[in-house]
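We did not get these values from a lab; they are worked out from the coordinates using the rules stated. Since the model is a prediction, treat every value here as computed from it, not as a measurement. Heads up, the Cβs are rebuilt from the backbone with ideal geometry, glycines too, and the neighbour counts pull from every protein chain shown.
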Amino acid sequence: MNSALTRTLCRLLIVLMAWTPFHVVQAGVISTDQAIVSAQSDRAAVLNLIQRSDVAGQLQSLGVDLATAKDRVAALTDDEVRSLAGKLHAVPAGGDGLVVLILVGVILWLVFWRK
């Protein structure tokens, strides 16, 4: 019995190893120019966001001047700008669609339930 269990376990492990995806990873050194261009593009994306009229209006309503906000972005380190730009790209453009879908569902349910 021990032998049959061992053979079955070995066969299972062989099949699982065959199905395991192997990823080829290539690490490379980037040049200083590429790092600078990346940091500048992230900083430009953050500055473009600040210059939008709706964002600038919200900043002014919070008491932050547009020039002050630009100075603060200029004072950020490259890592901070990269993190901020990554968060900006991760935010959904139209908001959370699931909340809207649930709200529409509840409204439709109320309309048809009351009839």
Which residues in the range 41-75 place their backbone N less than 17 Å from a point set 7 Å from the Cα of SER83 along the Cα-to-Cβ direction?
42-43, 46, 72-75
Mind giving me the FRET efficiency for VAL37 and ASP71? R0 is 25 Å, r the Cβ-Cβ distance, nearest 0.05 is fine.
0.65
So what are the ³J(HN,Hα) numbers for the range 7-17, from phi and the Karplus equation (6.51, -1.76, 1.60; θ = phi - 60°), rounded to whole Hz, Gly and Pro as x?
4, 5, 5, 5, 5, 4, 5, 5, 5, 5, 5
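May I ask you to derive the FRET efficiency for ARG11 and ALA45 from their Cβ-Cβ distance with R0 = 35 Å, giving the value to the nearest 0.05?
0.10
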Applying a 10 Å radius around every beta-carbon, put 36-47, 52-63 in order of their mean neighbour count, most first.
36-47, 52-63
